[in-house]
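Visitor: Handing you this structure, nothing more for now.
We did not get these values from a lab; they are worked out from the coordinates using the rules stated. From a predicted model like this one, the values you see are computed outputs, not experimental measurements. Note that each Cβ is placed from the backbone with ideal geometry, even for glycine, and that neighbours are counted across all protein chains shown.
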Amino acid sequence: MPQSERTSPALTPHEVRSIIFGVLVAMFLAALDQTIVATAMPTIGRLLGDFENLPWVVTTYLLTSTAVTPLYGKISDIIGRRVTLLAAIGIFMLGSILCALAPTMLALILARALQGLGGGGLISLAQTIIADIVSPKERPRYQGYIASVFATSSIAGPALGGFMAEKLHWSAIFWINLPLGLLAFWMTNALLKKLPRHEKPHQLDFIGAGLMIISTTALLLALSLGGPHYAWTSLTILGLIGVFLVFAVAFVVRLKTAPEPLIPIEILANPVVAMAIIAACSGVGVFIGLTIYTPIFLEGMYGLTASQSGFTLIPLMFGTVIGASFTGQVMARFTHYKRPTLIGLIVAAIGLAVVAINPQSLPLAGLVLILAVASIGLGTIFPLTLVALQNAVPPHQMGTATGTLNFFRSLGGALIVAAFGAIVIGSLPADLAAHVTIETLASSFAAAGRDIGSVYRWVFLAAAAGILVSFASLYVMEERPLRTHVRPEAGAAE
């Protein structure tokens, strides 16, 4: 690609590609860590002699990484992308080392918290850096690569985690982060010095950040513990929800009164940003929920093993890559770039509604085909929401806006996964529901004599409803022309 106004004038096309590959490695680092741990957890629990606190290995990482995501965006707008990204990689690698060396479950959980503090910035910073060097018009072309990163990590992660835990040692799932982290560090360190500088003088709102972290942590704890660990009406869950509401209200008040709030009001008030966030929360949340709970349906309904259900899920994972890649090409070439996504979402919603009519009678091949088509429709959301949002904000707010989108996407995923869990686990007898885990759900339905198909009818209906929410948000979202420059106006002063 000849150097043009579409990329930063300080970077050659080769440097642009090198930076993008480097930040994709950083993104893969975070995405892989979210999936590689799951299959190694039984081995970790056995060797460390603690199964009771094992879920906190995953939950702690989720809590810290989600809570700090908006902070990374804001900090990168203040001090620049390079220092912020390298700090995130460094924190993540330090956390990985401590995880690998952890002698006890408590030490591992604390190390995972530190690892999450680094991992929370890797994905949103990678997306922000791509936005710094490629114009919105050209940016969708790269979304297929981003979708491929997540699909590859979703498939390779569980397989690698199980293999390393069984054949090597469970600590290998954390040691593998070091060469990947060093590669990302090496590839981006020098070139990121040439990034265009968009930041303006900012102040970090520490009070607002504290209120947001406390409210987010309380909500995620409630969603993680509610159901199998505590009844939704228990004092523990109600107390956590109460803490969330109090601090969330205080955070909103702080946004309106702070001289420079953590998330500027003009970003949240931007109609394109607001609709993109709602669409991403709902659509991406449905996708995450399906990837977690569909294997249980496959095992309970069709008698597949865990490995067979994982293999059957591959079309669902790679469908998002196809949808994202196709939409990226369309957005770069056509004025009405929302149409493929709107069509894809309607088709996905209809497909899941068809599955919900009578899940018991649907052959396995038919279910896989419908899920693959629905996945393609859901994949179209990724480039559309991200690029439309970044196209609607000035460059000096790009990090904050991108971090905000990823933050709410994580919350949306947690909410919808909790909703699916409430439907599935809530259908079991109380004595079974109190001790069930994701791994034992399929066998629990058989033990209780419950028809898993009739329960999952409501899961698929809820998924279709969530997709329709995403469709409605994107339908009303303004379709602004995509800029052909990195900056809103060529040569505009920042």
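Visitor: Select from Ala40, Ala464, Ala147 the residue farthest towards the positive end of the dipole of the chain; place +1 on Cβ of Lys and Arg, -1 on Cβ of Asp and Glu, and compute about the Cα centre.
Guide: Ala147
Visitor: Output wanted: per-residue J couplings in Hz (rounded whole) for region 247-260, from phi through Karplus 6.51 cos²θ - 1.76 cosθ + 1.60, θ = phi - 60°, x for Gly and Pro.
Guide: Taking θ as phi minus 60°, the curve returns 6, 5, 5, 5, 5, 4, 4, 5, 4, 7, 10, 5, x, 9 Hz for region 247-260.
Visitor: Pairwise over distinct Cα atoms, reciprocal of the mean inverse distance: report the Kirkwood radius of the chain in Å, one decimal place.
Guide: Details: mean 1/r = 0.0435 Å⁻¹.
Answer for the chain: a Kirkwood hydrodynamic radius of 23.0 Å.
Visitor: Specify the angular offset, from 0 to 90 degrees and rounded to the nearest 10, of the alpha carbon long axis of helix 105-133 from the longest principal axis of the alpha carbons in the chain.
Guide: 40
Visitor: To the nearest 20 Debye, how big is the dipole of the chain about its Cα centre, given +1 on the beta carbon of each Lys and Arg and -1 on that of each Asp and Glu?
Guide: 940
Visitor: Could you calculate the contour length gain from Phe51 to Phe334, that is, 0.36 nm times the residue separation minus the distance between their Cα atoms, to one decimal place in nm?
Guide: Extra length from Phe51 to Phe334 when fully extended: 96.5 nm.
Visitor: If you don't mind, another one. Looking at region 205-261 from every direction and averaging, what is the projected area of its Cα convex hull in nm²?
Guide: Numbers: hull surface 14.0 nm².
For region 205-261, averaging the hull's shadow over all directions gives 3.5 nm².
Visitor: For region 338-355, just list the computed ³J(HN,Hα) in residue order, Karplus coefficients 6.51, -1.76 and 1.60, θ = phi - 60°, integers in Hz, with x standing in for Gly and Pro.
Guide: For region 338-355, the Karplus curve yields 7, 4, x, 5, 4, 5, x, 5, 5, 4, 4, 5, 5, x, 5, 5, 5, 4 Hz.
Visitor: With the cut-off at 1.5 for a/c, could you classify region 106-262 from its C-alpha gyration tensor as rounded, prolate or oblate?
Guide: oblate
Visitor: How do Ile130, Ile423 line up, fewest other C-beta atoms within 10 Å first? Don't skip to the answer; put the middle values down first.
Guide: Working: Ile130 24, Ile423 18.
The fewest-first ordering by Cβ neighbours comes to Ile423, Ile130.
Visitor: Ranking Asp77, Asp33, Asp132 by Cβ neighbours within 10 Å, fewest first, what do you get?
Guide: Asp132, Asp77, Asp33
Visitor: Under the rule of -39500 (n - 2.57) per DSSP H run of 4 or more residues, summed and divided by the residues of the chain, what mean residue ellipticity at 222 nm is obtained, to the nearest 500 deg cm²/dmol?
Guide: -25000 deg cm²/dmol
Visitor: Can you give me the angle between helix 452-476 and the longest principal axis of the chain, using Cα atoms only, in degrees from 0 to 90, rounded to the nearest 10?
Guide: Once rounded, the angle reads 20 degrees.
Visitor: Evaluate the Debye formula for region 263-488 with equal point scatterers sitting on the alpha carbons, no solvent, and hand back log10 of I(q)/I(0) at q = 0.15 Å⁻¹, in q order, two decimals.
Guide: Listed by q, the Debye log ratios stand at -0.94.
Visitor: Here is a further query. Based on the alpha-carbon gyration tensor of region 1-195 and its eigenvalue square roots a ≥ b ≥ c, which shape applies: rounded if a/c is under 1.5, prolate if not and a/b is larger than b/c, or oblate?
Guide: It comes out prolate by the Cα gyration axes.
Visitor: Evaluate the distance, in nm, between pseudo-label points positioned 7 Å from the Cα of Thr305 and of Lys256 along their respective Cα→Cβ axes.
Guide: For the pair Thr305/Lys256, the computed spacing is 5.9 nm.
Visitor: State, to one decimal in nm, how far the label point of Leu168 lies from the label point of Leu461, with both points 7 Å from Cα in the Cβ direction.
Guide: 4.7
Visitor: Would you mind counting up the charge near Leu125? Only other residues with Cβ under 12 Å from its Cβ, with Lys and Arg at +1 and Asp and Glu at -1.
Guide: +1
Visitor: Same structure again: Based on the Cβ-Cβ distance of Phe206 and Ala365, what FRET efficiency does E = 1/(1 + (r/R0)^6) give at R0 = 51 Å, to the nearest 0.05?
Guide: 0.40
Visitor: How high is the relative contact order of the chain, given as a whole-number percent (alpha carbon pairs under 8 Å, six or more residues apart)?
Guide: 24
Visitor: By count of other Cβ within 10 Å, fewest leading, how are Thr385, Thr104 ordered? It would help to have the intermediate numbers written out before the result.
Guide: Values: Thr385 28, Thr104 12.
Taking fewest neighbouring Cβ atoms as first place, the list is Thr104, Thr385.
Visitor: Against the longest principal axis of the chain, how steep is helix 398-425, in degrees 0 to 90 to the nearest 10, with axes from Cα atoms?
Guide: 10
Visitor: For region 271-285, just list the computed ³J(HN,Hα) in residue order, Karplus coefficients 6.51, -1.76 and 1.60, θ = phi - 60°, integers in Hz, with x standing in for Gly and Pro.
Guide: Working through the residues one at a time gives x, 5, 4, 4, 5, 5, 5, 4, 5, 5, 3, 6, x, 5, x Hz.
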